[in-house]
Structure formats: structure tokens, C-alpha cells
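Worksheet: the structure to be examined is printed underneath.
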Amino acid sequence: MNPITGTRTPPDPPSPQDARAVAAPSEEPVSAHPCALFHEDSGTVRLWVRVDGQLVGASIGREALHYHYRPEAQGEDPLETYRAQAADIEAAVHRRMAGGSRPPVMLREFDLRAVG
């Protein structure tokens, strides 16, 4: 309560660290994590990958999933495509983090290239 005006003071917004702690899942297996979701507004699958003991937020667009994994398919479910390719997508997140990316990692089709 504000002592001068007598009105209620709104609570402080959560810090970015608090928001990440709420949004990220806990000690669950990471590959095809059950908390991965398709975010319709952004057209991305949002997921979490454990890197050096920390959960890192990542996303990959519907188009990258389609053109890299199922270019002949029509009307496929991006979340289903992610789940079928989770190990490959997780490896791409690890490569990006090893290359100096900071979370959240936004994967592109280029990141899914074969490593040889």
C-alpha cells in the first residue's frame, strides 16, 4: 500500500531469471522433452536442451523443420517432426552453444546441416 496515496502498489514484474525458472522444465529427460511445444504465433517449436548441466531454451521454425526433414510432406505437425528428430535438433543446439551462442538459441535450417 502506498502510504501517501493510500492505493495498492502493483507487485514488481518477475526478473528474467524468474521467468526462465518458471518456463523451463526441471530434471526431466531432454530429448523429445514433453514440455516442448509449438508456439502458433511465432510458428516455432520451443524446447529445452541440457547443456553443461543447465537447461537452455531453444526454438526452431516450422519452415526449417519442414524443408530439412519433410520437404515432400504437406500439412505435417511441426511438433511431431521435432519429436522424430529430437536428437539431431539437440545436437544442433549443442553445436551453437559450443560456437558461442547465448540462450535462447534460435535454430535455422543451416544449423541442421550434416556434420562431417
Applying the selection to region 62-84, what residues are touching a Leu at 6+ places or on another chain (Cβ under 9 Å), at pLDDT 95 or above and either of a type in the set (S, T, N, Q) or not in a helix (DSSP H, G or I) (or both)? Thr81
Sole exception among (1) closer than 20 Å to Leu107 by Cβ; (2) at pLDDT below 90; (3) surrounded by 11 or more Cβ atoms within 10 Å (Cβ to Cβ); (4) not aromatic (Phe, Trp, Tyr) for Pro34, by number: (3)
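Name the single residue that is surrounded by the most Cβ atoms within 10 Å (Cβ to Cβ) among those in region 92-103 being in contact with a helix residue (DSSP H, G or I) (Cβ under 9 Å, 6 or more places away or on another chain) and touching a residue at least 12 places away in the same chain (Cβ under 8 Å). Step through it out loud before you land on a result.
Start the filter on region 92-103 by keeping residues that are in contact with a helix residue (DSSP H, G or I) (Cβ under 9 Å, 6 or more places away or on another chain), which leaves 92-93, 95-96, 101, 103.
Keeping just the survivors that are touching a residue at least 12 places away in the same chain (Cβ under 8 Å) gives 92-93, 95-96, 103.
Numbers: Ala92: 23, Val93: 26, Arg95: 16, Arg96: 21, Pro103: 18.
Top of the filtered list is Val93.
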Please find, within region 41-61, the residue that is farthest from Glu109 (Cα to Cα) out of those that are open to solvent by 20 Å² or more (accessible area, probe 1.4 Å) and not in a strand (DSSP E or B). Gly53
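The values are calculated or read from the model by the stated rules, or taken from the named source; none is laboratory data. For clarity, every value in this text was computed on a predicted model and none was experimentally measured. Backbone-built Cβ (ideal geometry, glycine too); neighbour counts: all protein chains shown. Accessible surface is based on the protein model in full, side chains and every heavy atom, while ligands, DNA and RNA are left aside. Shrake-Rupley method; radii C 1.70, N 1.55, O 1.52, S 1.80 Å.
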